[in-house]
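Comments concern the structure below.
The values are calculated or read from the model by the stated rules, or taken from the named source; none is laboratory data. For clarity, every value in this text was computed on a predicted model and none was experimentally measured. Note: ideal-geometry Cβ built from the backbone for every residue, glycine included; neighbour counts use all protein chains shown.
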């Protein structure tokens, strides 16, 4: 790769790439992010390459890309320029796809998406309900570029924002542009990005640092991972622009070790950026120098907190420190440091290229732009979604997500990871932005969204997240360490049928103490799942304590399975599936569960076709 020495050389390269793109015919886009590869997309990609090579048609190209978003139907491919969307593709389908769609331009209906409600066959990506209400800024190039080819990024305008700021804008102008855009940190706190940059630029001390937080540790979250796996250069370009604005020459990406593919692609992208001269000395002949190093985290959730993350980079134990001194003044190595997460940095090139007005026109008064969510749980259409701020929970869950699996009743949605709250059905019309979510006891967080149905026990949900946070707390401060332990002990007793009604007030008191006295956000927000489930699902706590009942059938100590003799047909399906042989009975005769042997796994309840297995 030849180094690009100035903006004219960059323009010429882009023009050359555009000419080459215009000569392309058919492009088969194959998702090659972690989830898709796990579902078999790598084998599909290899087979497509082999079959296209046999065609000897230079106008047909197979492209490996980042996440298309619709995880529920993986592995999926998109065929351009028509945007034909094929779902749950198998290697055995490749010959037919080549013959009918690539050569004859025919649609293979059995591979297309079918609307569950109307029965309509929808062959084109943009017409599928999952995509209709999305608005993609950060994810706009996912599916269009090879994340391991810097030329693909340049082709679509990559590094043009960088050249603009280096030669047309002063650092103060860049900061003002980010401030006017209304961009807030997408890592959870929602602090105005432009203000953070301004504080860091004005802070005394040299050198200054910029850091990208890619230590995504929330259960069910994969937003940042997918951005890096699909378009790592957007993050790199955003970081270079931020560094130029605050006056930094050194940057770090802190990424968790459990993200091997993201780590590989980010490393490769940084190497390519160096070879082209976007990183290193005298970038594009501007006189500005900047480079990025990668630091791998060991998977500690608490290292998502800014000061714990910086301590980890320094080689120290990943523990938070008191916030009376801000990291923009004394952060990494006690020097002014600007830290933003992956999604925040990836928004920067769009704002610079399109102007703050274009970004600010999207969203609400206090939350501008879009937000990426990982939509998971008991929802039909799981996946990665990017939506405008202000869209309602109902639109995300029912219009994009397709509603609840098995046509069961919606019960709640947990946003913001372990530190977020559970939002009940009555708030489904709530606009999704930083402030509205806070008002109902939850938070935006980094973008996890876990949907729950009628079979979810909310007491168990609170217990689950506290158990997670107990394992992940650094233990440095007493309010967090002992508070979580005490709350978890109480919740365990409640789920075992040993709780007392006064335990509910004790949970609230401990929560209040933790929120006021904990050292960092992990401890301050840990009570959110407990407080919201008490507030919105109080009756479930009372049922567990006074009636010794878990009506969702989750808390094993509070349930007992039995067979209704009037409904049992003696089909033996329950007996065959019982893992401990706790069900007795001859064929076509009433069966019975041996309570002493039963481990309360619920398999018999789930497999019985006649609803003969009941629980009390």
Original post:
Restricting to the stretch 263-290, what's the tally of residues that are under 27 Å from the mean Cα position of the chain (by Cα) and either in contact (Cβ under 8 Å) with a residue 60 or more places away in the chain or part of a strand (DSSP E or B) (or both)?
Top reply: 5
Original post:
Among the residues of the stretch 321-334, is there at least one that is buried (at least 24 other Cβ atoms within 10 Å of the Cβ) and part of a loop (DSSP other than H, G, I, E, B)?
Top reply: yes
Subject >> Sole residue being closer than 30 Å to residue 35 by Cβ, assigned to a helix (DSSP H, G or I) and at pLDDT below 95, chosen from 218, 224 >> reply: 224
Subject >> Single residue of 476, 508, 548, 498 found to be surrounded by fewer than 22 Cβ atoms within 10 Å (Cβ to Cβ), farther than 30 Å from residue 327 by Cα and out of contact with any helix residue (DSSP H, G or I) (no Cβ under 8 Å at 6 or more places or on another chain) >> reply: 498
**OP:** Find the residue count for the stretch 134-193, including only residues that are part of a helix (DSSP H, G or I) and in contact with a helix residue (DSSP H, G or I) (Cβ under 9 Å, 6 or more places away or on another chain).
**Re:** 26
Original post:
If we scan the stretch 289-302, do we find a residue that is buried (at least 19 other Cβ atoms within 10 Å of the Cβ), at pLDDT 95 or above and out of contact with any strand residue (DSSP E or B) (no Cβ under 6 Å at 6 or more places or on another chain)?
Top reply: yes
Original post:
So residue 120 fits all but one of (1) surrounded by fewer than 19 Cβ atoms within 10 Å (Cβ to Cβ); (2) over 22 Å from residue 240 (Cα atoms); (3) under 27 Å from the mean Cα position of the chain (by Cα); what number is the exception?
Top reply: (3)
Original post:
What number of residues within the stretch 291-314 are in a loop (DSSP other than H, G, I, E, B) and without any contact (Cβ under 8 Å) to a residue 60 or more places away in the chain?
Top reply: 2
Original post:
Does residue 318 fit the bill of being buried (at least 17 other Cβ atoms within 10 Å of the Cβ) and in contact (Cβ under 8 Å) with a residue 12 or more places away in the chain?
Top reply: yes
Original post:
Would you say residue 329 is assigned by TED's automatic domain parsing to the domain that holds residue 303, more than 16 Å from residue 448 (Cα to Cα) and out of contact with any helix residue (DSSP H, G or I) (no Cβ under 6 Å at 6 or more places or on another chain)?
Top reply: yes
Subject >> Residues within the stretch 238-262 that are assigned to a helix (DSSP H, G or I) and either crowded, with 17+ Cβ neighbours inside 10 Å or not assigned by TED's automatic domain parsing to the domain that holds residue 175 (or both), tallied >> reply: 10
Subject >> Qualifying position, being assigned to a helix (DSSP H, G or I) and surrounded by 13 or more Cβ atoms within 10 Å (Cβ to Cβ), among 79, 4, 94, 107 >> reply: 94
Original post:
Of the residues that make up the stretch 103-123, is at least one out of contact with any helix residue (DSSP H, G or I) (no Cβ under 7 Å at 6 or more places or on another chain), at pLDDT 95 or above and within 23 Å of residue 18 (Cα to Cα)?
Top reply: no
Subject >> Members of the stretch 539-564 that are outside any loop (DSSP other than H, G, I, E, B) and in contact (Cβ under 8 Å) with a residue 12 or more places away in the chain >> reply: 540, 541, 542, 544, 545, 546, 556, 557, 558, 561, 562, 563
**OP:** Among the residues of the stretch 396-450, count how many are crowded, with 19+ Cβ neighbours inside 10 Å, in a strand (DSSP E or B) and within 20 Å of the chain's Cα centre (by Cα).
**Re:** 10
Original post:
What pairs can you find where one residue is in the stretch 193-208 and in the same structural domain as residue 328 (by TED's automatic domain parsing) and on the phi > 0 side of the Ramachandran plot, the other is assigned to a helix (DSSP H, G or I) and surrounded by 19 or more Cβ atoms within 10 Å (Cβ to Cβ), and their Cβ atoms are less than 7 Å apart, with a gap of 6+ or different chains?
Top reply: none
Original post:
Given (1) farther than 19 Å from residue 272 by Cβ; (2) modelled with pLDDT under 95; (3) part of a helix (DSSP H, G or I), where does residue 24 come up short, assuming only one miss?
Top reply: (3)
Original post:
In the stretch 21-35, which residue that is touching a residue at least 40 places away in the same chain (Cβ under 8 Å) and out of contact with any strand residue (DSSP E or B) (no Cβ under 7 Å at 6 or more places or on another chain) is surrounded by the fewest Cβ atoms within 10 Å (Cβ to Cβ)?
Top reply: 21
**OP:** Return the residue satisfying two criteria in turn: it lies in the stretch 177-203 and is over 15 Å from residue 368 (Cβ atoms) and modelled with pLDDT under 95, and of such residues it is surrounded by the most Cβ atoms within 10 Å (Cβ to Cβ).
**Re:** 187
**OP:** Would you check if there is a residue in the stretch 342-355 being in contact (Cβ under 8 Å) with a residue 60 or more places away in the chain, crowded, with 22+ Cβ neighbours inside 10 Å, over 24 Å from the mean Cα position of the chain (by Cα) and not assigned by TED's automatic domain parsing to the domain that holds residue 430?
**Re:** yes
**OP:** Answer with yes or no whether residue 575 is within 26 Å of residue 455 (Cα to Cα), surrounded by 22 or more Cβ atoms within 10 Å (Cβ to Cβ) and either in contact with a strand residue (DSSP E or B) (Cβ under 7 Å, 6 or more places away or on another chain) or not assigned by TED's automatic domain parsing to the domain that holds residue 319 (or both).
**Re:** no
**OP:** Give 590, 580, 613, 607 a once-over and let me know the one that is surrounded by 14 or more Cβ atoms within 10 Å (Cβ to Cβ), out of contact with any helix residue (DSSP H, G or I) (no Cβ under 9 Å at 6 or more places or on another chain) and over 15 Å from residue 460 (Cβ atoms).
**Re:** 590
**OP:** Mind telling me which of the residues 145, 174 ends up being buried (at least 23 other Cβ atoms within 10 Å of the Cβ) and either in the same structural domain as residue 382 (by TED's automatic domain parsing) or more than 29 Å from residue 65 (Cα to Cα) (or both)?
**Re:** 174
